[in-house]
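Heads up: the structure comes next, in structure tokens.
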Amino acid sequence: MDLLNRNRLVIVSPRRTPPKACGGPARRGFYTFRSFCKDGGGGEDEDEDGGGGKREGDRADKETRGDRGKATGRKAPLWLRAKFQRLLFKLGCYIQKNCGKFLVVGLLIFGAFAVGLKAANLETNVEELWVEVGGRVSRELNYTRQKIGEEAMFNPQLMIQTPKEEGANVLTTEALLQHLDSALQASRVHVYMYNRQWKLEHLCYKSGELITETGYMDQIIEYLYPCLIITPLDCFWEGAKLQSGTAYLLGKPPLRWTNFDPLEFLEELKKINYQVDSWEEMLNKAEVGHGYMDRPCLNPADPDCPATAPNKNSTKPLDVALVLNG
């Protein structure tokens, strides 16, 4: 009992010859954690019956066992492992001797992190994380918010495209065609709710609808008025594929943005004495012009690529960067 009260934590080795600690001699007895952490290690409390006469027998028994229990393998990993074990053992002994200091320092560090978490600001706005400040997308979104008001139910949906390989160029024909395919799949999603089927054109933002006194034009505007989609594809004819509206007129094939030329259509209306001066002025202010019909095709061999495209049936590779910067 006196031994237990003096050392508190006692480890009794079940082996006849306990292992050495910190380089000390291997002796039989009671080993405590404190005795291991002393300089040189190997401190212990001897059994009352453990005399010096038995040490010779223990040493002989150890020699008969040879090198049993020693680690084998490559010297470098073994040396490194032994080095780390010694360092960690010394660290454990130091912490055990100065446990109060380590507890206070740990609580201070934890409190500092807790204060930092309270003051941290978690950014969840995708625009702030991905949209370039001062870029075209940023200017378009700011302009839209200014026109419709900050409190309007306007929530832009962003699609981010990254190259397949790090550092690769995304301003290529193949990358833009992949962008087109992904955008088409995203824009063609249908949702059935409240006993009705909803499409993107039912929910997308449109920059104000025009109301005229001509039913002929109202029908075209209703079905062809485009959603606000900001994409590099606007510089190419393929950008028209993202607008899914279709208008049906007598004596004409179905009108879509892939085959609709607004100025050419107004010229046809002039021939039947329609007043289109205001429409021409509006299209010129909006810089709509010929729509997508006079823009280059990413795939000139596409049978739907209009004959008015500047690179129709061209075999020269398209300079995507030049078109986007032009």
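The values are calculated or read from the model by the stated rules, or taken from the named source; none is laboratory data. The structure displayed is predicted, hence computed values, not measured ones. Every residue, glycine as well, gets a Cβ built from its backbone with ideal geometry; the counts of neighbours run over all protein chains shown.
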Worksheet item: For region 153-181, which residues satisfy the criterion of being loosely packed, with under 14 Cβ neighbours inside 10 Å, on the phi < 0 side of the Ramachandran plot, modelled with pLDDT of 80 or more and assigned to a loop (DSSP other than H, G, I, E, B)?
Response: Q157, L158, M159, I160, Q161, T162, P163, K164, E165, E166, A168, N169
Worksheet, complete the sentence: In region 124-152, anything part of a loop (DSSP other than H, G, I, E, B), modelled with pLDDT of 75 or more and not aliphatic (A, V, I, L, M) is listed as T124, N125, E132, G134, G135
Worksheet item: So which residues in region 258-283 are of a type in the set (S, T, N, Q), in contact with a helix residue (DSSP H, G or I) (Cβ under 9 Å, 6 or more places away or on another chain) and either outside any loop (DSSP other than H, G, I, E, B) or at pLDDT 85 or above (or both), if there are any at all?
Response: T258, N259
Worksheet item: Any chance region 262-278 includes a residue that's under 30 Å from V189 (Cα atoms) and either in contact with a Leu (Cβ under 6 Å, 6 or more places away or on another chain) or in the same structural domain as P310 (by TED's automatic domain parsing) (or both)?
Response: yes
Item to complete: Taking D234 as the residue in question, decide whether it is in a helix (DSSP H, G or I), under 21 Å from L318 (Cα atoms) and without any contact (Cβ under 8 Å) to a residue 40 or more places away in the chain.
Response: yes
Discussion item. Looking at A301, A321, A307, can you tell me which residue is assigned by TED's automatic domain parsing to the domain that holds Y225 and part of a helix (DSSP H, G or I)?
Written reply: A321
Discussion item. Suppose we filter R65, R81 for residues that are on the phi < 0 side of the Ramachandran plot and modelled with pLDDT of 60 or more; which single one remains?
Written reply: R81
Worksheet entry | Qualifying positions in region 182-200 - assigned to a loop (DSSP other than H, G, I, E, B) and surrounded by 13 or more Cβ atoms within 10 Å (Cβ to Cβ) | K199
Practice prompt. Show the residue pairs that are 6+ apart or on different chains and have beta-carbon atoms under 8 Å apart, the first residue being within region 312-323 and more than 11 Å from L176 (Cβ to Cβ), the second being loosely packed, with under 10 Cβ neighbours inside 10 Å and not basic (K, R).
Written response: none
Worksheet item: Is it the case that region 105-114 has a residue that's surrounded by 11 or more Cβ atoms within 10 Å (Cβ to Cβ) and free of Cβ contacts under 8 Å to residues at least 24 places away in the same chain?
Response: yes
